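In what follows, a structure is listed as structure tokens, so that the remarks can point back to it.
Every number here is computed from the coordinates shown, using simple stated rules; none is lab data. Worth saying up front: this structure is predicted, and the values here are computed from it rather than measured. Here the Cβ is made from the backbone with ideal geometry for all residues, glycine too, and neighbour counts use every protein chain on show.
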Amino acid sequence: MRRCGESGIRIPIALLLCAAALTGCAIESPPAARVPSAEERAAAEAAGFEVDPVRSAVELLPPGLLTGAHYRIEPQVITYGFANRYVITSDYGDFEARGDRMLRTRIREIDALAALDEMSETAAFADAAGNALKSPFVATWKLITNPVDTILGIPAGAWNAMKKTSQLAQGERGALEDSGMLALIGFEAKKRQIANKLGVDPYSSNSTLQKQLNRFAWAAYLGGLPYLFVPFVDDSDFERTSAEPADQVAETFLIYSPEDLRRLNRIELAVMGVPEPLSDELIGHPWYSPRHATVLVKALAALDLTQNRSAFIEAAVTAKSEDDALFYEHTAELLRTYSDRVSPVLEIVSRDGIPMGITESGTLVIPLPADYASWVPATAALARAITEEISGQLNVERSELVLSGTASPLARKRFEALAIAVTERAFEQLEGESARLSEPPL
Amino acid sequence: MKRALRWMAGSMALASPLFVLACGTSTPKRDRPREVILRSEDVDRKVGEKSAQDVKAQLGLIEDAELVAYVAKVGARLARHAPSRNFAYSFQIVDQEAPNAFALPGGFIFVSRGLLTLTNSEDELANVLGHEIVHVAARHAAARQEVGRSLPAKLDWLQGGYLARYGRDQEREADRLGQGLAAVAGYDPNGLVQFLRELEHTERLRLGSSRLPSFWDTHPSTKSRVAESAARANMTAWKRKAPIAAARADFLRRIEGLAIGTRASEGVFLQDRFLHADLDLFIHFPPNWTTINTHRAVGAISPKRDAQIFLEIQGPGDDVESAASEYLAELEDSGFRVEAVQSLRIGPHAAFRVEGQLSGAGGKLKARLTWLEREGSIYRFTAVAPDAAFQRYTGSFLNVPRSLRTLKAHERAKIQEMRLRIAVAHSGESLTELSERTANRWDIQQTAVMNDLFTNHVLELGQLIKIAVSEDYLPDADATTAE
């Protein structure tokens, strides 16, 4: 992956990525979304482009999701870098959700926080917390929770803390034999159980949630907090946005510790033919939580017949933010879904950090996690790169852009004019038997 | 005494989740929908511990300390890279003739002596163990369904369906990740290919053709597993680490001496006659009945499969009537209704007989149980048939207990067992020539399969070849444990 402005034959894609802010570009945090000015709008239109839309949340979301008992979604939604940017005001602070998938995560987390908040008022929790404080492991608790509390919010910090807590990075178990480490293993397992009951990710980058999960996990592990009953968030209003059924994902993160996930991923990567140093790079990557890495690896592992999966990992390890990690995670899932439902992907290629697949039928598949793709200069650059460079280099019959969300009518028209088929809402649309959506134009 | 109480596992193998050659346990043909595992790991562990005890009791464990330690070392090397969950993996060798490996919940992993005999390298062994570790780590067993049985547990002497099998998807996952685990631990992932190929060839020899998927068979066919594993092995990234057995010669030295086929220490069948040297026991079963020898019992099933009679040792004792009372009390829950009792003598032995009825899944069954005191132990014969057919088998049911006696000298002399030996080839020798020179009891095809060679292979000077040698039965030649 290249930095913004770096020159070379593949600059168009690099520019796209910078503009999209979905991958690399050496930016440590995603650029803030903003409403395009009238001048920008006029200039774009004059050049035959659109500007990313600013829409109403009412327009984008089912009414039931706009407000909840403990949150409210701000009415204006700016789309920027292919992602709908939502602002959520909640009893537990304000959150920005960059993308529809993140919105679902955050709403679920807010409901989980409310449930934990309610439980923290109970006598059972007070007793358990009191008992936990009397535990000889309380020092361990402080040792572990303090760095987590201070670092959380930056995923890398959270993951690194996780690694330290469970002495998990090197695959050695020796030091776990002492009682302090065993306590941490027990704590960590309890945390996963609680997160599972709440329907949230135990490795979430939401610092407020992490703090609460830690409190309850210690109270449950050391203080004997009884069974937690928390209703799952009803997410039936959401569109499907992942390849794996939610219950299977949840079960994986319930039953395996972070270290076990790392070991499983290392094994899967070996089977894919990923060299050990590259495998280690992904597994130890600061922006990939055990969850991000596992979902990505599982998606690639499902592409059993696909050659050159190392190319995907080479691209994935260039991630420089959690958004980057999510981009690659979702890209892998899109590719897997396409391979399962439409045509087997036989080979993976990567161009400037964007992994793509070549199918049995000779189609170049470009998976793109995007809530909404407008015809902006970056999109046009991607289209040009596909038609003028990549297709020719790879000698493919046709190209297909596979989006997790939708494309604007103009973007769709322009892509199709360039003989690039577009599949929208891929996770949903490709589920059915007759999954083909876009045939190449004649 | 423990040793004397154990019976040999002959043609009836404990149902194998993975590698057994021929098996009749039933699980549905199609893959089941994915099951969400509700059982906790604590339950897994307890179930595993209990089942491990059952395995030990039914199959027995090989006690060759050096060999067991070796298998455990290979297993531990793999386990260091495997998801460990909250339990420790353990590795043991079961005294089973068939090439078999299986895992129990909670990390208990077993390979059979038959499997070790078949393998030709540590890579093969590592891949097999890797496969089993994956079954445990992925908690495949938690989703298994136990096979229903028509007889009450107390009378289910075969326990053939004790361990149901895994689904095809689970087997494929275990193959894939098992190879990956072996690779990460520094073993050649082609070891699985090699082993499966040997297994497939053995199947061909035994069954005449490679086993095809059937309605009852949830395994992918061995042939397709070989192809898939080979493709995967070529793709897998791995780096060789020094094996524990330095070379093939070292590996073969470790497995040399393993018993092959039926172990004489567990009793042997010579047609319908059962000879047990350690128990100094002779029994004559009805001609043309299918004889079966498990660790729990020895018995026979009628040609129409509507009657069976089997012998178990209930335990130490000299009071047959008390022994009968104790057992009948245990049977109470199974609905067994006593109809007649009788004290008698069978030859020199005090005996006690009970007849009664019970209701099985297939209708009313009639059973005759005969307790017999012999050298401080209580022997128990159980004869079962449907009510309507029972009369037809009365003669056989009476004659089998009556045939029990000590061995005669010429019968004892016939008891031999085969052991794995390693022969050193002469330059240019054929397998046929080597077999003749070494009194190899395997035929040429079998010898070729066991050594992963073609039958017309021309041997090199010093090449090591596994052979089977028939040797006089020595009661203490190798120890096994069972309960």
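Okay, here's what the table says:
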{"quantity": "Principal axis box of segment B:416-481, alpha-carbon based, largest edge first, Å", "calculated": "40, 18, 18"}
{"quantity": "Number of partner chain Cβ atoms within 10 Å, mean per residue of B:230-236", "calculated": "4"}
{"quantity": "Integer Hz, Karplus 6.51/-1.76/1.60 couplings in order for segment A:115-129, x for Gly and Pro", "calculated": "5, 5, 4, 4, 5, 5, 7, 7, 5, 4, 5, 4, 4, 5, 5"}
{"quantity": "Neighbour cut-off at most 14 other Cβ (10 Å), DSSP loop, GluC sites (Glu not before Pro), segment A:288-374", "calculated": "A:GLU360"}
{"quantity": "Semi-axis lengths, Å, segment B:261-370, gyration tensor of Cα atoms, sqrt of 5 times eigenvalues", "calculated": "25, 20, 13"}
{"quantity": "DSSP-assigned coil residues among trypsin sites (Lys or Arg not before Pro) in segment B:228-319, each with at most 12 further Cβ atoms within 10 Å", "calculated": "B:LYS239, B:ARG240, B:LYS241, B:LYS304, B:ARG305"}
{"quantity": "Violating pairs (Cα-Cα greater than 24 angstrom) within the set B:LYS223/B:LYS304; B:LYS46/B:LYS366; B:LYS73/B:LYS241; A:LYS190/B:LYS50", "calculated": "B:LYS223/B:LYS304; B:LYS46/B:LYS366; A:LYS190/B:LYS50"}
{"quantity": "Net +/- balance of residues flanking A:ALA126 in space, Cβ distance below 15 Å, scoring K and R +1, D and E -1", "calculated": "-2"}
{"quantity": "Kirkwood Rh in Å, taken over all unlike Cα pairs in segment B:328-420", "calculated": "15.3 Å"}
{"quantity": "Alpha-carbon Debye profile of segment A:293-376, log10 I(q)/I(0) at 0.14 Å⁻¹", "calculated": "-0.42"}
{"quantity": "Under Karplus coefficients 6.51, -1.76 and 1.60, residue-wise ³J(HN,Hα) of segment A:318-326 in Hz, glycine/proline x", "calculated": "7, 4, 10, 7, 5, 4, 4, 4, 5"}
